[in-house]
Amino acid sequence: MKISKRASSVSPSLTLEITAKANKLKSEGVDVVSFGAGEPDFNTPDFIIDAAKAALDCGKTKYTPAAGTLSLRKAIVNKLKRENGLKYEPDEIVVSNGAKHCLHNALQAILDPGDEVVIPAPYWLTYPELVKISDGVPVFVQTKEEDDFRLTVEELEKAVTDRTRAVIINTPNNPTGAVYSEEELKKLAEVVLKRDGIYIISDEIYEHLVYDGAKPVSIASFSDEIKNRTIIVNGVSKTFSMTGWRIGYTASNRTVAKAISGLQSHETSNPNTPAQYATEAALCDGGHGGSFVKNMLKEFDERRLLLMKKLDGIEGINYVRPKGAFYVMMCVKNCFGKSSRGKKISTALDFANALLVEENVAVIPCESFGAPDYVRLSYAISKRDIETGADRIKSFVKHLN
């Protein structure tokens, strides 16, 4: 039996092998330190959980409008005005089943077969797969480490063609932790506005997780013209540690929002109903929510500094200093050509496999992120695990020959 070209075009994740091995070792009682986490290790705040319980007790378990409840969309409108200086109406907001679903919806709404989407590398590994699923063509732009892996005007201008339909901007960035400045975003917006028919898909899911005085800025905030060309993707997974609740949202012009809502009405009907009421509580309660985010950010910053300090002590290892999210991208190129127990290390995947086997440490190889010389380490784990894991990495690198 035949499998569709669409499904066959999706590349398997190189992280699955590492994750499966790490989980198997853990199930066997092995003390594995995993730097693979892509989610906060804090529980969802009680006041959000209580809101979901209240919704269940009140019988709020039925279908909602496809785009989400009106009250939640109004809460999102208020959030965007309060935190981002952006004015939207509820019919320009679509609530979906997580930010990943939002990205899928946005690409489905704007791409025709053969349309190109510019993706700066390193990138979240799901971006190109979603583009391909939507019959689009991912166009990768390799950014430079000396630019902290942020897309420049010159790089964007070279990548744009008559087939370009969208540019994906992710700030703060996964996996690099890079945060674009207001001036950088303004210049990128100017490039887009020179061409007709190009959208910016602005992935802002890590917007509140920033350090070293960095300030998150939405590219849609510069003018009505660029706002009309921008599809904002955001959600509550990272900000309120609600990854499993699966609530994300888009903010866009009415034409795009209507198209996304129409697609979603057939794909999933509506996002999870009780989770919508929990999200409304998260966005409306500035007191509890703000305190939670502040405390979580403080803890992440301490872990970030601890991990960088430990990595500084490993000879031959370089890393990119993150200013956002909760990842450190570590360069392992200097380990290529060396051997571990007689097995030669030629790739980041080889490094990750050998590290797991020898030191019981799981890291994510970044070949699938467009950064083949790097592995990604998440510091959404305990300080104790960060210290233990980094010490094991140091021992592993030291004994390569």
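The values are calculated or read from the model by the stated rules, or taken from the named source; none is laboratory data. Source: prediction; values computed, not measured. Note that each Cβ is placed from the backbone with ideal geometry, even for glycine, and that neighbours are counted across all protein chains shown. Only protein heavy atoms, including side chains, enter the accessible area calculation; ligands, DNA and RNA are left aside. Shrake-Rupley method; radii C 1.70, N 1.55, O 1.52, S 1.80 Å.
Summary of values
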{"read-out": "Where a residue in segment 360-381 is under 17 Å from R321 (Cβ atoms) and its partner, wherever it lies, is modelled with pLDDT under 95 and open to solvent by 10 Å² or more (accessible area, probe 1.4 Å), with Cβ under 7 Å and at least six apart", "value": "S378/G36; S378/A37; S378/G38"}
{"read-out": "Matching helices (runs of 4 or more DSSP H) fully within segment 1-77 where at least 1 residues are surrounded by fewer than 19 Cβ atoms within 10 Å (Cβ to Cβ) and in contact with a Lys or Arg (Cβ under 9 Å, 6 or more places away or on another chain)", "value": "5-8, 46-57"}
{"read-out": "Test: residue in segment 78-97 that is within 20 Å of the chain's Cα centre (by Cα), without any contact (Cβ under 8 Å) to a residue 12 or more places away in the chain, part of a loop (DSSP other than H, G, I, E, B) and more than 17 Å from V236 (Cα to Cα)", "value": "no"}
{"read-out": "Counted residues, segment 268-282 - those being buried (at least 24 other Cβ atoms within 10 Å of the Cβ) and assigned to a loop (DSSP other than H, G, I, E, B)", "value": "1"}
{"read-out": "Matching entry among D115, D91, D135 (being in contact with a Lys or Arg (Cβ under 8 Å, 6 or more places away or on another chain), open to solvent by 10 Å² or more (accessible area, probe 1.4 Å) and closer than 19 Å to I226 by Cα)", "value": "D91"}
{"read-out": "Scope segment 183-213; condition open to solvent by 30 Å² or more (accessible area, probe 1.4 Å) and not in a helix (DSSP H, G or I); matching residues", "value": "K194, R195, D196, G197, Y199, H208, D212, G213"}
{"read-out": "Residue match in segment 153-160 (condition: of a type in the set (D, E, K, R), out of contact with any strand residue (DSSP E or B) (no Cβ under 9 Å at 6 or more places or on another chain) and either open to solvent by less than 50 Å² (accessible area, probe 1.4 Å) or over 18 Å from M330 (Cα atoms) (or both))", "value": "yes"}
{"read-out": "Qualifying positions in segment 219-267 - out of contact with any strand residue (DSSP E or B) (no Cβ under 6 Å at 6 or more places or on another chain), closer than 20 Å to V179 by Cβ, assigned to a helix (DSSP H, G or I) and of a type in the set (G, A, S)", "value": "S221"}
